[in-house]
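One structure is given here, and the rest of the page talks about it.
Please treat every number below as a calculation from the coordinates, not as lab data. Every value quoted in this text rests on a predicted model; they were computed, and no experiment measured them. Reconstructed Cβ throughout: ideal geometry from the backbone, glycine too, with neighbour counts over all protein chains shown.
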Amino acid sequence: AEEPLVLGIETSCDETGVGIVRGNTLLANAVASSVEEHARFGGVVPEVASRAHLEAMTPTVERALEQAGLRFSDIDAVAVTAGPGLAGALLVGVAAAKAYALGLGVPLYGVNHLAAHVAVDQLEHGPLPKPSIAMLVSGGHSSLLLVPDVAKDVISLGSTVDDAAGEAFDKVARVLGLPFPGGPYIDRAAAEGSGTAVAFPRGKYDDGTLDFSFSGLKTAVARWVEAKERAGEPVPVADVAASFQEAVVDVLTRKALQACRRYEVEDLLIGGGVAANSRLRALAQERCDAAGVRLRVPRPGLCTDNGAMIAALGSELVAAGVAPSPLDIPADSSMPV
Ligand code: KG4
Ligand code: ZN
């Protein structure tokens, strides 16, 4: 029998994402983002995000169906991000998914956003080796996960104790006068600078845990820039961006490989928006090659929040025979992995 067609809905932050998959085959991935509405506030405003999801939901579902050349009645199951994320934003997606599942008479799967960031890689690189280590780095999360089975068993090994990696990129970009979200701008500016120009601190570098800390680094960059400005000297933006970026990706790749060693796992997956960072991709590849670890990084459009990742995990749950969710599942903003 053919695998079921799964519609996935993502609304945990500022992207309204709708994806459609069959097994590991990606059929549609429509995303509407409210990022421009948040830019002038320098961060995502929850109320603005919720309202934008509400407006974007129906057109984005229609766009996904159109991309896939399908009709509503073709859908066999609906998956939706139930958490973690912004409470009001999650509610919009969960309410829509319930309505679609009920109206179509198909099962509903409430899924974990972090596990979905892992599952999405299967759409690009095929079945995930069991077990894998996954590192998720975005504006909202920085986690190391041991993944024996993405549908049934995902174990948190460590996470940030303060800022998420992407949050640190965004805050440092602001200090350097770069637009929001700052990650891509830092990435671009860094290409013209030297990663060894300024020796910024590397939080939790050698503490034996698999946790991260980025707020000390962010503060160190801000102090360094302030001192330059106070002295009336120009701020070498490219060098600061490159040195900050080097500090972040040094710690990230080091801890990811420590996790692989500690759990004797030979497959590492990196996902989330920060996985689009060119230096992170390069250093991760270099260190994985040296350690004999295979690296998987989905293409950028699958790393940032999207609906295909939710559909991919929903598809895994169906295949694993996991029971669907009741139609009254809540949105859980602090859902653990
Ligand atoms: O996964 P994502 O789209 O949304 C969530 O936060 O869940 O990630 C967005 C984050 C932002 O903080 C953005 O600055 C960062 O990913 N980002 C990058 C790059 N592209 C996006 N950070 C560093 N380098 C990049 N090239
Ligand atoms: Zn995410």
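What is the projected area of the convex hull of the Cα atoms of the stretch 231-334, averaged over all directions, in nm²? Don't skip to the answer; put the middle values down first.
On the way: hull surface 44.0 nm².
With the hull built on Cα positions only, its mean projection is 11.0 nm².
Grab the Cα-Cα distance for E124 and S73, subtract it from 0.36 nm times how many residues apart they are, and report the gain in nm with one decimal.
Values: separation 51, 0.36 × 51 = 18.36 nm, distance 2.65 nm.
So the chain would gain 15.7 nm between E124 and S73.
Using only alpha-carbon positions, what ratio does the radius of gyration of the stretch 1-143 give when scaled by 2.2 N^0.38 Å? Please report the intermediate quantities before stating the final value.
Details: Rg = 15.1 Å, N = 143, 2.2 N^0.38 = 14.5 Å.
For the stretch 1-143, the normalised Cα radius of gyration comes out at 1.04.
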Select from S213, G314, V251 the residue farthest towards the positive end of the dipole of the stretch 207-337; place +1 on Cβ of Lys and Arg, -1 on Cβ of Asp and Glu, and compute about the Cα centre. V251
Sort out for me the Cα centre separation of the stretch 151-165 from the stretch 1-45, rounded to whole Å. 21 Å
Going by how many other Cβ atoms sit within 10 Å of their own, how do H125, H141, H53 line up, fewest first? H125, H141, H53
For the stretch 116-174, using Cα atoms only, the Rg and Dmax in Å read 13.2, 40
Work out the FRET efficiency for A39 and V235 from their Cβ-Cβ distance, taking R0 = 35 Å, and round it to the nearest 0.05. 0.95
Could you give the size of the charge dipole of the stretch 129-298 about its Cα centre, using +1 on the Cβ of each K and R and -1 on the Cβ of each D and E, expressed in debye and rounded to the nearest 20? 100 debye
Lys pairs, the chain - Cα-Cα below 22 angstrom, 8 or more residues apart or on other chains: 9
What 222 nm value per residue comes from the helices of the chain, counting each DSSP H run with n ≥ 4 as -39,500 (n - 2.57) and dividing by all residues, nearest 500 deg cm²/dmol? -14000 deg cm²/dmol
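So for the stretch 205-261, considering every pair of alpha-carbon atoms, how many percent are separated by more than 15 Å? Please report the intermediate quantities before stating the final value.
Working: 897 of 1596 pairs.
That fraction is 56 percent.
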Taking Cα pairs under 8 Å and at least six residues apart, what relative contact order does the chain come out at, in percent? 26 percent
Debye calculation, C-alpha points only, no solvent: report log10 I(q)/I(0) for the stretch 56-139 at q = 0.13 Å⁻¹, in the same order as the q values. -0.53
I need the fraction of alpha carbon pairs in the chain separated by more than 32 Å, rounded to a whole percent. 29 percent
Short to long, in 10 Å steps from zero, the percent of alpha-carbon pairs of the stretch 129-298 per bin is 11, 41, 32, 13, 3, 0
